[in-house]
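S.K.: There's a structure below that I have some questions on.
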């Protein structure tokens, strides 16, 4: 069979047969890889007959005259409703979101059905004879830092939630720690607390605690909940005592690394005690407010919430019977259908457990709401910035309950680049671009709204996924993947619209292999990119701060990269050496680091971050101070200080490419969240950033 036909089919569905790698070298995807990816997209082409059938089905899909459920547009631009020869509708009526209605006269031009521009952003309903379509009309750009801070430069703290400490957290950082950190940071001039993801993980398996591999991005990890927000500190302490957990609770809070399984078990025991008391209290006089709030939360959550709760209960039951039944894809066929009679029977038999799962989400939701409220009450103009992971685990809640939303058989990853020469397979699934269009982008909109529900902003992980994603067939090496195109213009418009509706800033993580023109697209939409010290280089030298972009978020490092102190000490190279990587690699890395230290210190001297006569120190403390002053002097509207650098820590939160060899996502901060700024050196580092708002 000719490979040309396979390549043509791949082009049609948006697979990049030809692409350019991070080194600027042209690449071409092998036909066999294309066949695997097309098969996963339900377009098999292993034989001439399959290829012909897939091409015909695709042609029929693209040639339909039925309008999609949702069309995006920009304020002030005419809207193309349909392309191709189709009769003009006899009656067109526009229902604006504010309730106003008006008749519209469409225009048929060059085989296009067009309506005039709409000047009001929002989700409007357009009726055309017996059809209806939602017009998602976006403002010119997202809400930006300049809009909120009135053109002042601002700064914030970036924190790993699980690492925050407060008395009573049970060994896993929670929303109470976020409140404490936000209050302390606000008192020192910060306007932002950027957080690691709070997505729902797997309640039945607490060994899966990586925050970027969620079960669902629509719901929260209840281990970060602070039940004291709803029930008060005394009842929570009583629940800990009644469960016989006083000593274990204290032990878990004292350790340096999060003991996820033990801490999760303890927290859930306490939450079950509180749930039992909550159920008993529902009929008591005076408890109507909480009961009503819970009922309203459940009603508003609708089917998505109920399906998530059912999955959590069912997943626990299946794992309890068979530890190998981790993925729902291996369950009996009748349980793989979330709307089938077997799941309905399970639901009827486990009403209490499913209600408990809803209870967990309620407590977590109200906890995050209180954290954002405290950040704003303390004076932060933006407050919490949530982190939206790029995908979800194919064995999780979303994949089970909304199977038609996702691509099955392909994993999200990254192609080989200078930092990962073998490529990356993150083991995540994601939305099908075809399903997004067919479902009126409802899955994407719901995900955005979940991230922004209790936040003043969102960071979109691997934002290049808005334009294209590197997808790897199951079982293939990460290098044997291809880019799949996504409807970038539509997704950007929806982000702008949701940003405006939530008065929230948007940050796009644009580190890695970036499509040509992508950063300019983000900038035009008001989405800030990211500038990280380690990557701001020009021919090996560190770029002076005045040459950094004003349209990005400036930072010293990220959770996947060395801290400043760790980089200066070479702690990241030490960690790689302990993984028994080749000795020649270690020697090369150390040689390069020695040269880079000199380059960095020269950049600090040239920028005035240190005295011109200052010699490079052995102690990393002055280097941390200089790095923060350096980043503070950039024109970026927002600068973020990771807590690891605020505290001068050497260990980074996550070491990519490792699983159990390094304590990823487990390190706790050495100081309580409320007292982070008590140390003089931390206060001085915050002061370096506070000054930027006065320029």
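The values are calculated or read from the model by the stated rules, or taken from the named source; none is laboratory data. All values derive from a computational prediction rather than experimental measurement. Using ideal geometry, Cβ is built from the backbone for each residue, glycine included, and neighbour counts are taken over all protein chains shown.
S.K.: Within segment 106-155, count every residue that is assigned to a strand (DSSP E or B) and at pLDDT 90 or above.
M.R.: The total comes to 15.
S.K.: Tell me, which residue of segment 315-344 that is in contact with a helix residue (DSSP H, G or I) (Cβ under 6 Å, 6 or more places away or on another chain) and either closer than 19 Å to residue 213 by Cα or not assigned by TED's automatic domain parsing to the domain that holds residue 222 (or both) is surrounded by the fewest Cβ atoms within 10 Å (Cβ to Cβ)?
M.R.: In this case the residue turns out to be 325.
S.K.: Quick test for you: out of 244, 286, pick the one residue that is at pLDDT 95 or above and either outside the structural domain of residue 167 (by TED's automatic domain parsing) or not in a helix (DSSP H, G or I) (or both).
M.R.: Answer to the selection: 244.
S.K.: OK, next. Kindly establish whether residue 681 is surrounded by fewer than 24 Cβ atoms within 10 Å (Cβ to Cβ), touching a residue at least 40 places away in the same chain (Cβ under 8 Å) and within 24 Å of residue 379 (Cβ to Cβ).
M.R.: yes
S.K.: Is it the case that some residue within segment 39-51 is outside any helix (DSSP H, G or I), under 26 Å from residue 465 (Cβ atoms) and more than 33 Å from the chain's Cα centre (by Cα)?
M.R.: Checked against the condition, which is being outside any helix (DSSP H, G or I), under 26 Å from residue 465 (Cβ atoms) and more than 33 Å from the chain's Cα centre (by Cα), segment 39-51 yields at least one hit.
S.K.: Looking at 273, 308, which one is free of Cβ contacts under 8 Å to residues at least 60 places away in the same chain, surrounded by 12 or more Cβ atoms within 10 Å (Cβ to Cβ), touching a helix residue (DSSP H, G or I) at 6+ places or on another chain (Cβ under 7 Å) and under 17 Å from residue 222 (Cβ atoms)?
M.R.: On inspection, the qualifying residue turns out to be 273.
S.K.: Can you tell me which of (1) closer than 22 Å to residue 442 by Cβ; (2) in contact (Cβ under 8 Å) with a residue 60 or more places away in the chain is the one residue 326 doesn't meet?
M.R.: (1)
S.K.: Within segment 45-52, is even one residue more than 24 Å from residue 435 (Cβ to Cβ) and buried (at least 18 other Cβ atoms within 10 Å of the Cβ)?
M.R.: no
S.K.: Let me ask you something else. Output yes when any residue across segment 170-186 is outside the structural domain of residue 678 (by TED's automatic domain parsing), modelled with pLDDT of 95 or more and assigned to a loop (DSSP other than H, G, I, E, B), and no when none is.
M.R.: Looking for residues that are outside the structural domain of residue 678 (by TED's automatic domain parsing), modelled with pLDDT of 95 or more and assigned to a loop (DSSP other than H, G, I, E, B), one finds none in segment 170-186, hence no.
S.K.: How do the pairs read when you match residues in segment 68-92 that are over 15 Å from residue 132 (Cβ atoms) with residues anywhere that are at pLDDT below 85 and loosely packed, with under 12 Cβ neighbours inside 10 Å, using Cβ under 8 Å and keeping only pairs 6 or more apart or on different chains?
M.R.: So the pair list comes out as 83/111; 84/63; 84/111; 85/111.
S.K.: Which one of 586, 644 is within 21 Å of residue 683 (Cα to Cα) and either in a helix (DSSP H, G or I) or in contact with a strand residue (DSSP E or B) (Cβ under 9 Å, 6 or more places away or on another chain) (or both)?
M.R.: 644
S.K.: Here's another thing I want to ask about it. Determine whether segment 417-429 contains at least one residue that is free of Cβ contacts under 8 Å to residues at least 40 places away in the same chain and under 21 Å from residue 328 (Cβ atoms).
M.R.: So far as segment 417-429 goes, yes, one or more of its residues are free of Cβ contacts under 8 Å to residues at least 40 places away in the same chain and under 21 Å from residue 328 (Cβ atoms).
S.K.: Still on this structure: May I ask you to say which residue of 422, 452, 469 is under 21 Å from residue 22 (Cα atoms) and either crowded, with 19+ Cβ neighbours inside 10 Å or in contact with a helix residue (DSSP H, G or I) (Cβ under 7 Å, 6 or more places away or on another chain) (or both)?
M.R.: Every option except 469 fails the conditions.
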